[in-house]
Amino acid sequence: MGDKIHVKDLHTRDVCIVPWEKEQKYFLYDCFERPGQKGRAVNVRESSDLVWWSESYPVFEPDENFWGPLDFWAPECHYWRGKYYMVSSFRAPGGYRGCQFLEAETPRGPFLPKKNKPATPENWHCLDGTLYEDRQGKPWMVFCHEWLQVQDGQICAIRMEEDLSDSIGEPVILFRASEAPWRFTDDRDLWKLTEPQPKMGWARVTDGPYLYRAKNGELLMLWSSFSNTAYTCGYARSLSGEITGPWKQEPEPLFSQDGGHSMVFTRFDGTLMMCLHTPNRPGKERMLLFEMEDSFGKLHIRNEITGNWMYNKYREDGSDIGPYEDKE
């Protein structure tokens with residue numbers, strides 16, 4: 001697959017990593033355009049050590065009849081009932097952004113839609129879908145109802161057909177961005193060092209939900225928004241242990257230094273890992289990989305293994321500080 005790319009040189013965001021036990025390889029999905037690629041696509045890279053990554057190659061390139069040829073945001077891949085399912089955000093010209101699952105036999109694809117329509121509500125702007133299996137073995141899509149439509153962004157869930165081809169019934173609102181104790185309250189300086197929020201007045205973002213069943217059986221959800229420092233990843237806890245909650249937000253975020261859209265996976269040696277991107281600025285994003293501690297239903301960062309965060313410092317005017325340049 002050509003030359004290998006070191007994790008420090010890898011430009012990616014909205015990261016999803018899937019371990020494939022069969023080949024002892026990790027698969028990293030994103031929608032960054034490959035050289036010579038025409039139109040939107042979902043691409044994947046492979047690695048055996050999370051440090052050196054292959055060149056990307058396509059796992060989903062839509063045909064001319066696909067309903068949503070635009071956007072292609074934040075793809076995730078999940079193993080479900082013997083097959084692999086990718087969920088991503090797509091949009092039709094002049095239409096609403098929606099989420100849909102696509103099916104493949106292996107993590108390498110090709111992924112194909114089972115229906116030519118989104119599974120999220122037709123008149124909602126939605127993004128960042130993920131898969132959850134409840135304790136009865138039933139599948140759900142958890143997704144964001146965008147702040148662009150509702151101002152106070154929502155995390156929602158909707159039941160799915162067994163083959164993930166479409167949704168069943170009506171979505172349930174699980175919580176809103178304003179419920180986070182760490183939410184931003186002072187927007188005077190926040191947007192200097194991160195992707196700017198449109199000048200539309202007060203609004204709060206929900207991004208990147210991801211479900212994790214802790215070792216003690218509690219159900220946790222990682223998700224991202226903005227705090228008074230920058231783009232931030234926090235997590236919530238379901239008091240019922242199920243997707244419908246009620247959900248209680250943890251008071252302290254996991255990472256608050258302009259990084260987010262996190263997910264977790266288990267390394268082949270059994271270590272719980274979290275990955276996210278930082279900084280949240282187009283063209284600058286790098287991946288961070290954390291070894292995590294799951295202690296009585298609480299998540300803690302134990303160690304960051306890429307060393308990429310040191311490259312993401314800023315001067316007060318928003319320009320970059322080099323990796324070994326001290327801030328005056």
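The values are calculated or read from the model by the stated rules, or taken from the named source; none is laboratory data. What you are looking at is a predicted structure, and each value in this text was computed from that prediction instead of being measured. Positions of Cβ are generated from backbone atoms using ideal geometry, with glycine treated the same way; all protein chains shown enter the neighbour counts. Side chains included, ligands, DNA and RNA excluded: accessible areas come from the protein's heavy atoms. Shrake-Rupley method; radii C 1.70, N 1.55, O 1.52, S 1.80 Å.
From the phi of every residue in segment 241-257, what ³J(HN,Hα) in whole Hz does the Karplus formula 6.51 cos²θ - 1.76 cosθ + 1.60 yield, where θ is phi - 60° and glycine or proline is x?
My calculation for segment 241-257 gives x, 10, 5, 6, x, x, 9, 10, 7, 5, x, 10, x, 7, 8, 10, 9 Hz in order.
In nm, to one decimal, how far is the modelled label at PHE66 from the one at ILE301, with both set 7 Å along Cα→Cβ?
3.4
Go through segment 275-311 and name the chymotrypsin sites (Phe, Trp or Tyr not before Pro) that are in a DSSP coil and have 11 or fewer other Cβ atoms within 10 Å of their Cβ.
Filter output for segment 275-311: PHE296.
Select from LEU272, LEU220, LEU28 the residue whose mean-square fluctuation is largest in a Gaussian network model of the chain (Cα-Cα springs shorter than 10 Å).
With Cα springs under 10 Å in the chain, the top fluctuation among LEU272, LEU220, LEU28 is at LEU272.
Could you go through segment 38-55 in sequence order and give the Karplus-derived ³J(HN,Hα) for each residue, using 6.51 cos²θ - 1.76 cosθ + 1.60 with θ = phi - 60°, rounded to whole Hz, and x for Gly and Pro?
With the stated coefficients, segment 38-55 comes to 9, x, 6, 7, 9, 10, 9, 10, 10, 8, 9, 9, 6, 10, 9, 10, 6, 4 Hz.
What does the extension gain come out to for GLU242 and SER48, with contour length at 0.36 nm per residue minus their alpha carbon separation?
Contour length minus Cα-Cα distance gives 66.4 nm.
Could you point to the residue in PHE27, PHE143, PHE290 farthest towards the positive end of the chain's charge dipole, with +1 and -1 charges on the Cβ of Lys/Arg and Asp/Glu respectively?
PHE143
Would you kindly derive the ³J(HN,Hα) couplings of segment 102-119 from the backbone phi angles with the Karplus curve 6.51 cos²θ - 1.76 cosθ + 1.60 (θ = phi - 60°), listing them in order in whole Hz, with x for Gly and Pro?
Per residue, the Karplus-derived 3J(HN,Hα) values read 10, 10, 8, 7, 9, x, 7, x, x, 8, 10, x, 8, 9, 9, 6, x, 8 Hz.
Of the accessible area of the chain, with the probe set at 1.4 angstrom, what percent is carbon plus sulfur?
Looking at the chain in its full context, I get 48 percent from C and S.
Can you give the extra length, in nm with one decimal, that the chain gains between ASP163 and TYR79 once fully stretched, where that is 0.36 nm per residue apart less the Cα-Cα distance?
Taking 0.36 nm per residue and subtracting the Cα distance, the gain is 29.1 nm.
Compute the semi-axes of the equivalent ellipsoid of the chain, taking the square root of 5 times each eigenvalue of the Cα gyration tensor, and list them largest first in whole Å.
After scaling each eigenvalue by five and taking roots: 27, 24, 21 Å.
How much area per residue is accessible in the chain when the probe is 1.4 Å and only protein heavy atoms are counted (Å²)?
45
Could you identify which residue out of GLN136, GLN151, GLN37 has the top mean-square fluctuation in a GNM of the chain using Cα springs shorter than 10 Å?
Maximum among the listed residues: GLN136.
Using amide H atoms built in the peptide plane, which far-off residues or other-chain residues are under 5 Å from TYR231 H to H?
Long-range HN contacts for TYR231: ASP258, GLY259.
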